[in-house]
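Q: One structure, pasted below without further comment.
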Amino acid sequence: MATIPDSAVLRQWLLRIAESDVRAALRKERGDLHDLAALLSPAAEPFLPEMAAKSSLITLQRFGRTTQIYAPLYLSNLCTNRCAYCGFSAGNKIPRRHLTLDEAETEAAILQERGFQHILLVSGEAPKVLDVDYLEEIALRLRDRFAALSIEVQPLSQEEYARLFRAGITAVAVYQETYDREVYQQVHLAGKKCDYDYRFDTPARAAAAGMREVGLGALLGLADWRAEGLALALHLQSLRKQFWR
């Protein structure tokens, strides 16, 4: 498992950055982790217009004037976790249901008719209801209808991800929510999601299983966003080294 410095250490790193470091980062064609830290630091605030202009230029160079749109297909709002920030949290008194296989296929057909070629299958984390068998069957039914199928569901084992990849799922999205371990324990009150390390290792399991795309991120607002951005970059850096293919 990759390790990330404590959030307090990351905050101190960011506070030590000077405006000269930000200027140096903006001059570079290709920056490194230290340059990213400079652009995330408080010292970078006066440079926001310049940063936005450079960001726009890089985006145009890399992607042109093309936008790829995906549609989420919500399979279920059942969840066994209790998370302080989430509407799906198990303690919330809301109507709960999950789609049958036929209902999910019907919803997907509507999205296909409306021109969507990329869909994200989303659910709360209730593996006894939406297990890998259910997800595999959905993938088998939909894989020939869409250009890409992605999932954002409960973290799975490497073997389960490999099984879904064979069925037609090519991408996984899983968010750490916060890289601040103290805050993580404060906002995750019950359920398997309380296990920080298991969730942290999920992108690596998905990549090792052969998934072509792995999306990771933090829920900004739970902890210091600057430190979260730097922690996210460190997490990505470790994954790229191991799963460069």
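The values are calculated or read from the model by the stated rules, or taken from the named source; none is laboratory data. Since we're looking at a predicted model, the values are computed, not measured. As a convention, Cβ positions derive from the backbone with ideal geometry for all residues, glycine included, and neighbour counts pool all protein chains shown. The accessibility values were calculated without ligands, DNA or RNA, using every heavy atom of the protein model including side chains. Shrake-Rupley method; radii C 1.70, N 1.55, O 1.52, S 1.80 Å.
Q: Enumerate the calculated ³J(HN,Hα) couplings along the range 112-129 in order (Karplus 6.51 cos²θ - 1.76 cosθ + 1.60, θ = phi - 60°), each rounded to whole Hz, writing x wherever the residue is Gly or Pro.
A: Once rounded to whole Hz, the list reads 4, 4, 8, x, 6, 10, 10, 10, 10, 7, 10, 7, x, 9, 9, x, 6, 9.
Q: As a test of reading the structure, rank His235, His98, His118 by solvent-accessible area (1.4 Å probe, protein chains only), most first. Could the numbers behind the result be given before it?
A: Values: His235 5, His98 75, His118 50 Å².
Heavy-atom accessible area, descending, gives His98, His118, His235.
Q: Let me ask you something else. At His118 and Arg166, where each label point lies 7 Å from the Cα along Cα→Cβ, what is the point-to-point distance in nanometres?
A: Placing both labels 7 Å along Cα→Cβ, they lie 2.7 nm apart.
Q: Measuring from label point to label point, each 7 Å out along Cα→Cβ, what is the Leu140 to Asp32 span in nm?
A: That separation, rounded to one decimal, is 5.0 nm.
Q: If one puts a single equal scatterer on every Cα of the range 1-90 and applies the Debye formula without solvent, what log₁₀ I(q)/I(0) results at q = 0.12, 0.21, 0.24, 0.25 Å⁻¹?
A: Values returned for q = 0.12, 0.21, 0.24, 0.25 Å⁻¹ are -0.68, -0.96, -1.09, -1.15.
Q: Among the chymotrypsin sites (Phe, Trp or Tyr not before Pro) in the range 1-85, which ones are in a DSSP loop with at most 12 other Cβ atoms within 10 Å of the Cβ? Mind listing them?
A: Numbers: sites: Trp13, Phe47, Phe63, Tyr70, Tyr74, Tyr85; in loops: Tyr70, Tyr85.
Answer by residue number: Tyr85.
Q: Would you mind checking Lys54/Lys192; Lys54/Lys193; Lys128/Lys241; Lys93/Lys193 for any pair whose Cα atoms are more than 30 angstrom apart? Intermediate values should be presented prior to the final figure.
A: On the way: Lys54/Lys192 41 Å; Lys54/Lys193 38 Å; Lys128/Lys241 34 Å; Lys93/Lys193 20 Å.
The pairs that break the limit, which is 30 Å between Cα atoms, are Lys54/Lys192; Lys54/Lys193; Lys128/Lys241.
Q: Write out the chymotrypsin sites (Phe, Trp or Tyr not before Pro) in the range 136-245 meeting two conditions: DSSP loop, and at most 15 other Cβ atoms within 10 Å of their Cβ.
A: Values: sites: Phe146, Tyr161, Phe165, Tyr175, Tyr179, Tyr184, Tyr196, Tyr198, Phe200, Trp225, Phe243, Trp244; in loops: Phe146, Tyr175, Tyr179, Phe243, Trp244.
Taking the range 136-245 and a limit of 15 other Cβ atoms within 10 Å, the loop chymotrypsin sites (Phe, Trp or Tyr not before Pro) found are Tyr175, Phe243, Trp244.
Q: At 1.4 Å probe radius, can you tell me the per residue accessible area of the chain in Å²?
A: Numbers: 13940 Å² over 245 residues.
Accessible surface, normalised per residue, equals 57 Å².
Q: Pull out a ≥ b ≥ c, the square roots of the eigenvalues of the alpha-carbon gyration tensor of the range 43-105, then state rounded if a/c is under 1.5, prolate if not and a/b is larger than b/c, and oblate in the remaining case. Don't skip to the answer; put the middle values down first.
A: Values: a/c = 6.23, a/b = 1.84, b/c = 3.39.
Cα axes put the range 43-105 in the oblate bin.
Q: Contour minus end-to-end for Arg23 and Thr3, with contour as 0.36 nm per residue of separation and end-to-end as the Cα-Cα distance?
A: Values: separation 20, 0.36 × 20 = 7.20 nm, distance 2.93 nm.
Result for the pair: 4.3 nm of gain on full extension.
Q: Okay, next question. Report for the chain the percent antiparallel among DSSP-assigned beta bridges with both residues inside it, nearest 5. Numbers along the way, then the final one.
A: Numbers: 3 of 19 bridges.
Taking every DSSP beta bridge within the chain, about 15 percent pair in antiparallel fashion.
Q: Can you tell me how much longer the chain between Lys54 and Glu213 gets when fully stretched, taken as 0.36 nm per residue apart minus their C-alpha distance, in nm with one decimal? Show your work: numbers first, answer last.
A: Working: separation 159, 0.36 × 159 = 57.24 nm, distance 2.57 nm.
Extra length available between Lys54 and Glu213 comes to 54.7 nm.
Q: For every other residue with a beta carbon closer than 14 angstrom to the beta carbon of Ala108, add +1 if it is Lys or Arg and -1 if Asp or Glu, then tell me the sum. Let's see the in-between values first.
A: Working: positive: Arg114, Arg141, Arg143, Arg145; negative: Asp102, Glu103, Glu105, Glu107, Glu113, Glu137, Asp144.
Counting the neighbours of Ala108, the net charge comes to -3.
Q: Let's test this: bin the Cα-Cα distances of the chain at 10 Å from zero up to the farthest pair and state each bin's percent.
A: 7, 26, 32, 24, 10, 1
Q: Could you run the Karplus curve 6.51 cos²θ - 1.76 cosθ + 1.60 with θ = phi - 60° over the range 33-41 and give me ³J(HN,Hα) per residue in whole Hz, x for Gly and Pro?
A: Values, residue by residue: 4, 5, 5, 4, 4, 4, 6, 8, 6 Hz.
Q: Report the net charge of residues surrounding Ala25, where surrounding means a beta-carbon distance below 13 angstrom and charges are Lys +1, Arg +1, Asp -1, Glu -1.
A: Working: positive: Arg23, Arg27, Lys28, Arg30, Lys54; negative: Glu19, Asp21, Glu29, Asp32, Asp35, Glu50.
Counting the neighbours of Ala25, the net charge comes to -1.
Q: Now a separate question. Would you tally the net charge around Cys79, using a Cβ to Cβ cut-off of less than 11 Å, leaving Cys79 out, and scoring K and R as +1, D and E as -1? Don't skip to the end; give the middle numbers.
A: Working: positive: Arg82, Arg96, Lys192, Lys193; negative: Glu125.
In short, +3.
Q: Just to confirm the filter: which trypsin sites (Lys or Arg not before Pro) across the range 1-99 are DSSP coil and have at most 13 other Cβ within 10 angstrom of their Cβ?
A: Working: sites: Arg11, Arg16, Arg23, Arg27, Lys28, Arg30, Lys54, Arg62, Arg65, Arg82, Lys93, Arg96, Arg97; in loops: Arg16, Lys28, Arg30, Arg65, Lys93, Arg96, Arg97.
Those that pass, being in a loop and sparsely packed, are Arg16, Lys28, Arg30, Arg65, Lys93, Arg97.
Q: Between Gln237 and Leu220, 0.36 nm times their residue separation minus their Cα-Cα distance comes to what?
A: Details: separation 17, 0.36 × 17 = 6.12 nm, distance 1.95 nm.
Difference between extended and current length: 4.2 nm.
Q: Could you tell me what percent of the accessible area of the chain is made up of carbon and sulfur, with a 1.4 Å probe and every protein chain present? Provide the component values of the computation, followed by the final result.
A: Values: 7230 of 13940 Å².
Taking all protein chains in place, the chain shows 52 percent carbon and sulfur surface.
Q: Of Val132, Ala148, Ser41, which is farthest towards the positive pole of the range 39-166's charge dipole, taken about the Cα centre with +1 and -1 on the beta-carbons of Lys, Arg and Asp, Glu respectively?
A: Going by the Cα projections, it comes out as Ser41.
Q: Label Lys93 and Ser157 with points 7 Å out from Cα along Cα→Cβ: what is the distance between them in nm?
A: Between Lys93 and Ser157, the simple spin-label model gives 3.9 nm.
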